[in-house]
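Here's the structure we're looking at; comments come further down.
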Amino acid sequence: MRLGAPVKAQALWLPPAVDSHDALRAVVGNCLAHALGNASEIAHEDDTAPEHLHQLRVGLRRLRTAVRELGDLSPQVDAGW
């Protein structure tokens, strides 16, 4: 099976009037799309995919930072997680 192109982070635009809960959801969703797109490719391929692995790590670091820095915007998020 041939791997698809590595998924890189996409710019996120938020409307000026977005509330904090929806902003956090959008940021987390953006980070998950980055990480999971690469994880999916890695899971379906037996061969090493260094750029996919790198992008997966970048996506997970972005997610960790988003939760740590923005987690207080929603009572549903435990920033300590």
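Read-outs throughout are calculated quantities, based only on the coordinates presented, and are distinct from any laboratory measurement. Values in this document were obtained by computation on a predicted structure and should not be read as measured data. Reconstructed Cβ throughout: ideal geometry from the backbone, glycine too, with neighbour counts over all protein chains shown.
Take 9-21, 26-38, 50-62 and order them by the average number of nearby Cβ atoms within 10 Å per residue, most first; the result is 26-38, 50-62, 9-21. Think of the chain as a dipole: +1 on every Lys or Arg Cβ, -1 on every Asp or Glu Cβ, centred on the Cα centre; then among Ala33, Gln76, Ala66, Ala66 lies furthest on the positive end. Approximating the spin labels as points 7 Å out from Cα along Cα→Cβ, the Arg61-to-Ala33 distance works out to 2.2 nm. Here the chain is treated with +1 on each Lys and Arg Cβ and -1 on each Asp and Glu Cβ, and its dipole about the Cα centre works out to around 160 debye.
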